[in-house]
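What follows is a short report on a single structure.
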Amino acid sequence: MRAAAIVLAVVALVGIGTAEALISNDLLSQLPGRGRPVLGGGGVALTVIGVALSVAVYAAFGLFLARDGAGEAEALGIGMGVGAAAGIIGGTIRAYLIRDYLGGVLGGYGLADLLLVTLGVFVALSVVVSVAAGASVTWLGFRGGRRRPARRPPS
(Lines give C-alpha, C1' and ligand atoms only; values in the text may rest on other atoms or scores of the structure.)
Protein backbone atom coordinates (compact mmCIF):
# COMPACT_ATOMS: atom_id res chain seq x y z
CA MET A 1 0.00 0.00 0.00
CA ARG A 2 2.80 2.43 0.89
CA ALA A 3 4.67 1.70 -2.35
CA ALA A 4 1.54 2.48 -4.36
CA ALA A 5 1.14 5.78 -2.49
CA ILE A 6 4.77 6.67 -3.25
CA VAL A 7 4.30 5.96 -6.95
CA LEU A 8 1.00 7.88 -6.98
CA ALA A 9 2.64 10.92 -5.33
CA VAL A 10 5.53 10.90 -7.82
CA VAL A 11 3.16 10.53 -10.78
CA ALA A 12 0.94 13.37 -9.48
CA LEU A 13 3.93 15.68 -8.95
CA VAL A 14 5.41 14.89 -12.36
CA GLY A 15 1.98 15.42 -13.93
CA ILE A 16 1.58 18.82 -12.27
CA GLY A 17 5.04 19.95 -13.37
CA THR A 18 4.58 18.61 -16.89
CA ALA A 19 1.20 20.30 -17.32
CA GLU A 20 2.68 23.57 -16.10
CA ALA A 21 5.64 23.18 -18.48
CA LEU A 22 3.39 22.41 -21.45
CA ILE A 23 1.33 25.53 -20.83
CA SER A 24 4.46 27.64 -20.29
CA ASN A 25 6.05 26.23 -23.43
CA ASP A 26 2.93 27.11 -25.40
CA LEU A 27 3.07 30.68 -24.06
CA LEU A 28 6.77 30.91 -24.96
CA SER A 29 6.13 29.62 -28.49
CA GLN A 30 3.68 32.48 -29.06
CA LEU A 31 6.35 35.11 -28.41
CA PRO A 32 7.52 36.83 -31.57
CA GLY A 33 11.06 35.94 -32.62
CA ARG A 34 12.03 34.14 -29.41
CA GLY A 35 11.48 37.35 -27.49
CA ARG A 36 12.04 37.80 -23.81
CA PRO A 37 9.13 36.45 -21.77
CA VAL A 38 7.16 39.07 -19.88
CA LEU A 39 6.11 38.38 -16.32
CA GLY A 40 2.35 38.62 -16.52
CA GLY A 41 -0.67 37.65 -14.51
CA GLY A 42 -1.19 34.41 -16.43
CA GLY A 43 2.35 33.19 -15.81
CA VAL A 44 2.21 34.12 -12.14
CA ALA A 45 -1.16 32.39 -11.72
CA LEU A 46 0.17 29.29 -13.46
CA THR A 47 3.15 29.14 -11.10
CA VAL A 48 1.04 29.75 -7.99
CA ILE A 49 -1.43 27.03 -9.00
CA GLY A 50 1.40 24.57 -9.75
CA VAL A 51 3.12 25.25 -6.43
CA ALA A 52 -0.16 25.01 -4.49
CA LEU A 53 -1.06 21.68 -6.10
CA SER A 54 2.43 20.31 -5.43
CA VAL A 55 2.28 21.41 -1.78
CA ALA A 56 -1.13 19.74 -1.49
CA VAL A 57 0.28 16.46 -2.87
CA TYR A 58 3.23 16.49 -0.47
CA ALA A 59 1.04 17.42 2.52
CA ALA A 60 -1.55 14.74 1.70
CA PHE A 61 1.27 12.23 1.30
CA GLY A 62 2.64 13.19 4.72
CA LEU A 63 -0.84 12.80 6.19
CA PHE A 64 -1.08 9.36 4.60
CA LEU A 65 2.27 8.35 6.12
CA ALA A 66 1.12 9.50 9.55
CA ARG A 67 -2.08 7.47 9.28
CA ASP A 68 -0.12 4.50 7.95
CA GLY A 69 2.03 4.41 11.07
CA ALA A 70 5.34 5.58 9.63
CA GLY A 71 7.93 6.99 11.97
CA GLU A 72 9.01 10.61 11.84
CA ALA A 73 12.45 9.90 10.37
CA GLU A 74 10.91 7.46 7.92
CA ALA A 75 8.39 10.06 6.74
CA LEU A 76 11.18 12.58 6.23
CA GLY A 77 13.27 10.08 4.23
CA ILE A 78 10.36 8.94 2.10
CA GLY A 79 9.42 12.57 1.43
CA MET A 80 12.97 13.24 0.27
CA GLY A 81 12.86 10.17 -1.96
CA VAL A 82 9.55 11.20 -3.52
CA GLY A 83 10.96 14.68 -4.10
CA ALA A 84 14.13 13.28 -5.66
CA ALA A 85 12.20 11.01 -8.02
CA ALA A 86 9.76 13.76 -8.99
CA GLY A 87 12.63 16.21 -9.48
CA ILE A 88 14.65 13.89 -11.70
CA ILE A 89 11.72 12.73 -13.82
CA GLY A 90 9.84 16.03 -13.92
CA GLY A 91 12.95 18.15 -14.35
CA THR A 92 14.09 16.01 -17.26
CA ILE A 93 10.68 16.25 -18.94
CA ARG A 94 10.57 20.03 -18.45
CA ALA A 95 14.13 20.38 -19.76
CA TYR A 96 13.15 18.40 -22.85
CA LEU A 97 10.11 20.63 -23.40
CA ILE A 98 12.05 23.92 -23.19
CA ARG A 99 15.18 22.83 -25.03
CA ASP A 100 14.20 24.38 -28.39
CA TYR A 101 13.22 27.73 -26.91
CA LEU A 102 16.27 27.88 -24.67
CA GLY A 103 18.53 26.77 -27.52
CA GLY A 104 17.20 29.62 -29.65
CA VAL A 105 17.75 32.17 -26.92
CA LEU A 106 21.26 30.94 -26.15
CA GLY A 107 22.05 30.80 -29.87
CA GLY A 108 21.04 34.45 -30.20
CA TYR A 109 23.81 35.31 -27.76
CA GLY A 110 26.34 32.96 -29.37
CA LEU A 111 26.09 30.51 -26.47
CA ALA A 112 24.41 27.56 -28.21
CA ASP A 113 27.20 25.27 -26.97
CA LEU A 114 26.00 25.80 -23.40
CA LEU A 115 22.55 24.29 -23.99
CA LEU A 116 23.30 20.87 -22.49
CA VAL A 117 25.09 22.39 -19.50
CA THR A 118 22.20 24.80 -18.93
CA LEU A 119 19.63 22.01 -19.14
CA GLY A 120 21.74 19.87 -16.79
CA VAL A 121 21.86 22.69 -14.24
CA PHE A 122 18.09 23.12 -14.64
CA VAL A 123 17.49 19.43 -13.87
CA ALA A 124 19.91 19.50 -10.93
CA LEU A 125 18.14 22.53 -9.45
CA SER A 126 14.78 20.81 -9.99
CA VAL A 127 16.03 17.87 -7.95
CA VAL A 128 17.38 20.08 -5.15
CA VAL A 129 14.15 22.07 -4.85
CA SER A 130 12.00 18.93 -5.05
CA VAL A 131 14.01 17.14 -2.37
CA ALA A 132 13.74 20.16 -0.06
CA ALA A 133 10.01 20.53 -0.71
CA GLY A 134 9.42 16.81 -0.41
CA ALA A 135 11.23 16.61 2.90
CA SER A 136 9.74 19.70 4.50
CA VAL A 137 6.13 19.61 3.31
CA THR A 138 5.79 15.84 3.71
CA TRP A 139 7.17 16.15 7.23
CA LEU A 140 4.76 19.00 8.03
CA GLY A 141 1.85 16.94 6.69
CA PHE A 142 3.05 14.00 8.74
CA ARG A 143 3.32 16.09 11.92
CA GLY A 144 -0.12 17.57 11.35
CA GLY A 145 -1.65 14.17 10.72
CA ARG A 146 -0.30 12.28 13.70
CA ARG A 147 -2.87 11.21 16.21
CA ARG A 148 -2.26 12.78 19.55
CA PRO A 149 -2.43 10.45 22.51
CA ALA A 150 -5.64 10.99 24.41
CA ARG A 151 -5.19 12.52 27.83
CA ARG A 152 -6.39 10.52 30.75
CA PRO A 153 -9.31 12.13 32.50
CA PRO A 154 -8.44 13.54 35.90
CA SER A 155 -9.16 11.12 38.69
Counting pairs of alpha carbon atoms under 8 Å apart in space and at least six apart in sequence, what relative contact order in percent does the chain give?
36
Return the carbon/sulfur percentage of the accessible area of the range 9-155, one whole number, probe 1.4 Å, all protein chains in place.
69
Per residue, how many Å² of accessible area does the range 23-128 show with a 1.4 Å probe?
57
Given springs between every Cα pair under 10 Å in a Gaussian network model of the chain, which of GLY103, GLY62, GLY40 has the largest fluctuation?
GLY40
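Taking all protein chains together and a probe of 1.4 Å, list ARG147, ARG2, ARG67 from the most accessible to the least accessible.
Largest accessible area first, the residues go ARG147, ARG67, ARG2.
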Given springs between every Cα pair under 10 Å in a Gaussian network model of the chain, which of ALA52, ALA75, ALA135 has the largest fluctuation?
ALA52
Using Stokes-Einstein with the Kirkwood hydrodynamic radius over Cα pairs, what translational diffusion coefficient do you get for the range 51-91 at 37 °C and a viscosity of 0.692 mPa s, in µm²/s rounded to a whole number?
309
Using alpha carbons only: equivalent-ellipsoid semi-axes of the chain, gyration tensor based, whole Å
39, 16, 11
Work out the charge dipole of the chain with +1 on the Cβ of Lys and Arg and -1 on the Cβ of Asp and Glu about the Cα centre, then indicate which of VAL128, LEU111, ALA59 is farthest towards its positive end.
ALA59
Under 18 Å from a point placed 7 Å out from the Cα of ALA124 along the Cα-to-Cβ direction: which residues of the range 80-100 have their backbone N that close?
84-85, 87-96
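The values are calculated or read from the model by the stated rules, or taken from the named source; none is laboratory data. Because the structure is predicted, anything quoted here is derived from the model rather than measured. Glycine also receives a Cβ, built like all others from the backbone with ideal geometry; neighbour counts cover every protein chain displayed. Only protein heavy atoms, including side chains, enter the accessible area calculation; ligands, DNA and RNA are left aside. Shrake-Rupley method; radii C 1.70, N 1.55, O 1.52, S 1.80 Å.
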